[in-house]
Structures are given as C-alpha cells and as structure tokens.
1. Once phi is turned into ³J(HN,Hα) by the Karplus curve 6.51 cos²θ - 1.76 cosθ + 1.60 with θ = phi - 60°, what whole-Hz value does each residue of the range 130-146 show in order, with x for glycine and proline?
2. For Asp50, what residues show an amide H to amide H distance below 5 Å, using hydrogens built from the backbone and excluding near sequence neighbours?
3. First check a/c for the range 39-177, with a ≥ b ≥ c the square roots of the eigenvalues of its C-alpha gyration tensor; if it is under 1.5, answer rounded, and if not, answer prolate when a/b is larger than b/c or oblate otherwise.
4. Pull out a ≥ b ≥ c, the square roots of the eigenvalues of the alpha-carbon gyration tensor of the range 129-180, then state rounded if a/c is under 1.5, prolate if not and a/b is larger than b/c, and oblate in the remaining case.
5. How many angstrom lie between the Cα centre of the range 107-180 and the Cα centre of the range 68-95?
6. About its Cα centre, what dipole magnitude does the range 39-177 give when the only charges are +1 on Lys and Arg Cβ and -1 on Asp and Glu Cβ, stated in debye to the nearest 20?
Amino acid sequence: MPDRNDGNRGPRRSPQGGGEGPRPAGGKGGGKPKGGLRLKRLDGRDFVLDHPKCIHEMELDYEEGMEQRREGDPEGARDALRYALQGCGDNMWVHCALGWIALEDFNDPSLARGHFGYGFELALKAIPRDFDGRLPGEHSANRPLYDAVDGLILCYEKLGQENQAAELRDMASRWLSGRS
C-alpha cells in the first residue's frame, strides 16, 4: 500500500486511540497478535510491521477511495474505504485514511480518534510491551503506524488532551530511535 503522503497533507512526523491513552512501557511481551499483523526483524535492532495478505486483495478498493477523496468526494471515499475494510479489517492504511477523512473533511476529532486508534491498536498487538528495537519511519510498512500516531496526536490536541499527545510523541520517538 502506498504512503499516506497523497498530496492532501505533507509527510507525517512521528500513538493510541480511544480515550485511555497509550499502553504503559515495560511488562511482558505482546504475545501472538491477532489478524495477521506481525513484527518482522530486518537486521540488528530494526523491525517492520508485516501486514496481513488481505491488504493486497483490497488494494483496488483502497485506491478507489483515495481517488474519490482527491476528487473532492469524501462521502464516496468513505464508502469505498469501508468496503475495503469488509475484505480486510486489519488494514491499517484504510483505518488511517478513514481517520483523515473524519478529521480533515468532516472536522470530527472524536470519530477520527476511533479510526486512528483502531489502526494503532492493531500495531500494538504486534509490538511486545518490552520492545527495545527500532521501527524505522522511512520504511513503507511502518508508515501507517506513524500515520496513526500523527492522526491521534492531532485528535488529542483538538480535544484538549495534551498529556495523551505528549505520551504518543514520546512512544513514537522511542520506536524511531530504538531507545527504551
């Protein structure tokens, strides 16, 4: 799936949906993730998210939704993206795209937080709690994670929840640098 940088926004900077804030650091590993999203070692301490195969099966529907959004039809885009989720509910790219539509096109940070948060939670299931590796932001497989992080940060800021936004920035910084 392509990066989020589709001409509607600039590249993403640097995580959690819902209202409970980010998962605390430390503790036991994340266990076996559901839905097929996994963490895969590249080399050394660098890892990428390994997405479920179903994302490729629904890629045309994702692309259709993104094209409709670029053409100024956010409702049509939302419908196409929801259809794509029916074929692959664990598609982080689609969850993030729905989040940006809710936030930017419909000015609904609460709904957007839910979409970004769902995508973020998918990644958290694959990332062990005691993870001390690096998730390079420049790797395309990791982009939807950081897209979800950026969207959540904006949602929290718009909702006046600066502490949650700060926690997400710190978590993303740890993943980008590989520091504990």
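Here, each number is a calculation from the coordinates, and none is a lab measurement. Everything numeric in this text was worked out from a predicted model, so none of it was measured. For neighbour counting, all protein chains shown are included, and Cβ atoms are generated from backbone atoms with ideal geometry for every residue, glycine included.
1. Karplus values, whole Hz, x for Gly and Pro: 9, 4, 10, x, 10, 10, x, x, 7, 7, 4, 5, 8, 4, x, 5, 6.
2. Counting only residues 5 or more places away or on other chains, the set is Arg38, Leu39, Lys40.
3. oblate
4. Numbers: a/c = 3.11, a/b = 1.52, b/c = 2.04.
Judged from the Cα gyration tensor, the range 129-180 comes out oblate (a/c at least 1.5, b/c at or above a/b).
5. That distance is 20 Å.
6. Dipole magnitude for the range 39-177 comes out near 560 debye.
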